[in-house]
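The values are calculated or read from the model by the stated rules, or taken from the named source; none is laboratory data. Since this is a predicted model, take the numbers as computed values, not measurements. Cβ atoms come from the backbone with ideal geometry, glycine included; neighbour counts cover every protein chain shown. Surface areas here come from the heavy atoms of the whole protein model, side chains and all, with no ligands, DNA or RNA. Shrake-Rupley method; radii C 1.70, N 1.55, O 1.52, S 1.80 Å.
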Amino acid sequence: MKKWSQIMIALFSIMALLLSGCANAKTGTSSSGTQKVNYPTKPVDMIIAFTAGGSSDVQARIVEKYWKQQFNNQPLTFDYQVGAGGQVGFTNITKAKADGYTIGGINVPHINLQAMSPQKTFKTDDFAYICQVVKDPNLLAVGKDSNIKTLQDFVNTAKSKDGKMTIGIVGTFTAHHIAALQLMDLLGIQLTLVPFTGAADENVALMGGHVDAMIGNLNDVMRDIDKFKILGIATEQRHPMVKDIPTFKEQGINFISDIRRGFAAPKNIDPAVLKVLRDGFDKICNNPDYLKDMEKIGQPTEYLNGDDFEKVVKDYNTQVQPIVQKYGLDKQK
């Protein structure tokens, strides 16, 4: 009788476990209590805050090539929301419905600077960070046929034009904007800043002689590098993609500057959906074929997961605050 009781207890225990598993399946949770989601079940919209053909767009198109493999064979659609150095698009990422069906490309320190401006329309805490994909150094370039051959030539020409020398930048309250201000300080010159809506427009303007020089990114010039003359790159050491280009530090100017590109969603996104996005991007960005494609188009790859990318954003807030305050950018109307 005692043995029979033990058998019955064992059977009840097994049934209880089975019922528990069924309940978990119905509620969409695993036995460990981790929430599972069937995502995505329809196309995901990608907001690009700069013009088509620019560095942000080109990089996102490489992601698109591998997107369906990781996201239920659902397509990635593109929505170009251009203006104010990316602020229009960045703002609309934060204001989108937080269901995972609108995500977007973001740039650092653009979002940091814009969140500090008097015209701010978002905070850096308004994003749920998916990952960083690129660390792209800033550089100073002139047209291939320019009479300016060296950094010293650039300084001499700027001084002779007494503040009327024009330099292209992408937007205001952007990395290019701050880089131009930093260079003016470091080189002891004045320049006339000419903002463009995206890198593609800026490149065309320089090649057409509509500006004298430009602050760009390495990837901005890689696709047409034979049409530019690069006077200095803002890295600690020479960059492996352009080993013949001297750093500013080599030329006695302590200037380090870059743009980080990544992806984000609205801050209130379901953590389970955010995890799917982070896991999917992780697989894409560590795919050897994706990395080869990035190298082919001159994108300086540096992947960081969402948590590490968020830390970079917070660190940048501390770094750029003194520059913003020095130039009164947080007070300008």
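If you add up the charges near N203, with Lys and Arg at +1 and Asp and Glu at -1, over every other residue whose beta carbon is less than 10 angstrom from its beta carbon, what do you get? Walk me through the numbers before you get to the answer.
On the way: positive: R223, K227; negative: D201, E202, D220, D224.
Net charge around N203: -2.
So what is the orientation-averaged projected area of region 73-143, using the convex hull of its C-alpha atoms, in nm²? Intermediate values should be presented prior to the final figure.
On the way: hull surface 27.7 nm².
It is 6.9 nm².
With Cβ to Cβ distances under 15 Å as the rule, what net charge do the other residues near H239 carry (K, R +1; D, E -1)?
Numbers: positive: K135, R238, K243, K249; negative: D136, D220, E236, D244, E250, D258, E295, E302.
Surrounding charge for H239 is -4.
Based on the alpha-carbon set only, what is the convex hull volume of the chain divided per residue, in Å³? Don't skip to the answer; put the middle values down first.
Numbers: hull volume 53.2 nm³, N = 333.
Cα-based convex hull of the chain, divided per residue, equals 160 Å³.
When DSSP assigns beta bridges and you keep just the ones with both residues in region 91-236, what percent turn out antiparallel, to the nearest 5?
On the way: 9 of 16 bridges.
Antiparallel: roughly 55 percent of the beta bridges in region 91-236.
Among bridges DSSP assigns within the chain, what percent are antiparallel (round to 5)? Don't jump to the answer; show the numbers that get you there.
On the way: 27 of 43 bridges.
Among the beta bridges of the chain, antiparallel pairing accounts for roughly 65 percent.
Beyond 29 Å, what share of the Cα-Cα pairs of region 99-257 is found? Please give it as a whole percent. Please report the intermediate quantities before stating the final value.
Working: 2333 of 12561 pairs.
Cα-Cα pairs of region 99-257 separated by over 29 Å account for 19 percent.
For the chain, with every protein chain kept in place, what is the accessible area per residue (1.4 Å probe, Å²)? Could the numbers behind the result be given before it?
Numbers: 15730 Å² over 333 residues.
I get 47 Å² per residue for the chain.
Which order do peptides 174-180, 148-154, 159-165, 263-269 fall in by mean Cβ count within 10 Å, highest first? Write down the numbers at each step before the final one.
Details: 174-180: 25.6, 148-154: 16.3, 159-165: 12.6, 263-269: 21.7.
The peptides rank, most packed first, as 174-180, 263-269, 148-154, 159-165.
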